[in-house]
Amino acid sequence: MERIRFKTVVISDVHMGARFSKVGEAARFLNRLSCERLIMAGDIIDGWQLKQIDDKWTVQESAFFSVIMKMMEQNQTEVVYVTGNHDDFLDYIIPCQLFNISLVNEYLIEDFGKRFVVIHGHAFDSITAQFRWISKLGDLAYNALLKFNNRWNKSRERLGKEKYSFSKVLKHSVKKAVNYISGFESDLADFARAKKCDGIICGHIHHPEDKMLKHGIRYLNCGDWVESLTALAQDFDGNWKILNYKDLVEE
């Protein structure tokens with residue numbers, strides 16, 4: 001099948017090593033496209049979960065990186081890994097350049113007359129930044145809810161009903177409340193403006209987004225590969241859009 005070509009693709013929050021990561025879907029998604037630049041915007045590897053659970057690195061995780069290696073070999077794709085809070089163990093070696101792979105904590109895209117800064121976004125989440133223990137407790141609760149949600153949806157499928165994600169709705173509601181209290185989006189806009197950028201791209205909150213913030217700053221969020229299964233793509237005219245796994249792979 002012919003690959004769909006893009007200038008830039010941004011993917012984040014795969015959470016490889018976590019029990020409910022859709023890393024297999026992420027690998028199939030990347031296998032359907034080619035791009036000049038692939039940006040992994042944090043929490044690709046879930047170091048928090050890998051520390052707690054043994055034998056969570058499977059053939060699917062290896063296949064994910066195999067697809068990326070193939071992209072680099074066949075399409076000369078430039079790969080940028082921006083670290084997040086769940087893969088903060090990599091912070092000790094950044095910045096780092098290895099062949100065509102860059103490991104950084106932020107990245108600047110400058111093309112088509114626009115400037116976008118790419119970060120994971122956790123530094124602007126007051127809970128994650130200031131109360132790490134609450135963030136880790138929330139992570140445990142989220143994974144427990146995902147487990148319940150999985151069993152609940154199996155029961156719904158047997159009854160011929162559509163799946164429903166309590167965990168996605170609850171996480172988004174909590175994130176919206178935290179963002180409102182902490183001024184997450186406002187701080188992102190201020191940060192982008194200080195960087196003299198037209199927009200900011202991040203992940204972290206597990207909810208895909210494309211909207212305008214104050215100062216005329218465009219805010220793009222990749223979503224995640226636990227529930228949303230989305231990424232961002234830039235075409236060869238400089239246009240950005242949210243890509244959905246079901247639209248790109250399943251159809």
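Tabulated data
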quantity	calculated
Restricting the range 72-106 to chymotrypsin sites (Phe, Trp or Tyr not before Pro) in coil, as DSSP defines it, with at most 12 other Cβ within 10 Å	Phe99
Cross-link reach list, aspartates and glutamates versus Lys246, counting only Cα pairs under 16 Å and skipping chain neighbours closer than eight places	Glu25, Glu162, Asp224, Glu227
FRET efficiency, 1/(1 + (r/R0)^6) with R0 35 Å, evaluated for Lys195 and Thr58 via beta carbons	0.35
Distance (nanometres) between label positions extended 7 Å along Cα→Cβ at Asn100 and Lys114	2.5
Rounded accessible area of Ile217 (nearest 10 Å², 1.4 Å probe)	0
Of all accessible heavy-atom area on the range 1-122, the percent that carbon and sulfur account for (1.4 Å)	53
Heavy-atom accessible area order for Arg32, Arg193, largest first, 1.4 Å probe	Arg193, Arg32
Heavy-atom accessible area ranking, 1.4 Å probe, most first, across Leu248, Leu232	Leu248, Leu232
Evaluated over the range 8-118, the Cα radius of gyration and Dmax, each in Å	14.0, 47
Relative packing of peptides 43-50, 207-214 - highest average C-beta neighbours within 10 Å first	43-50, 207-214
16 Å cut-off, amide nitrogen to a point 7 angstrom out along Gln76 Cα→Cβ, residues in the range 4-20	6-8
Between the range 196-251 and the range 23-37, the alpha-carbon center distance in angstrom	15
For the range 6-110: accessible area per residue (Å², 1.4 Å)	44
Cα gyration tensor category, rounded, prolate or oblate, for the range 59-115 with a/c compared to 1.5	oblate
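The values are calculated or read from the model by the stated rules, or taken from the named source; none is laboratory data. Just so we're clear, the structure is a prediction, and the values are computed from it rather than from any experiment. No Cβ is skipped: glycine too gets one built from the backbone with ideal geometry, and neighbour counts run over all protein chains shown. To get the accessible areas, we keep the full protein, side chains included, count just its heavy atoms, and leave off ligands, DNA and RNA. Shrake-Rupley method; radii C 1.70, N 1.55, O 1.52, S 1.80 Å.
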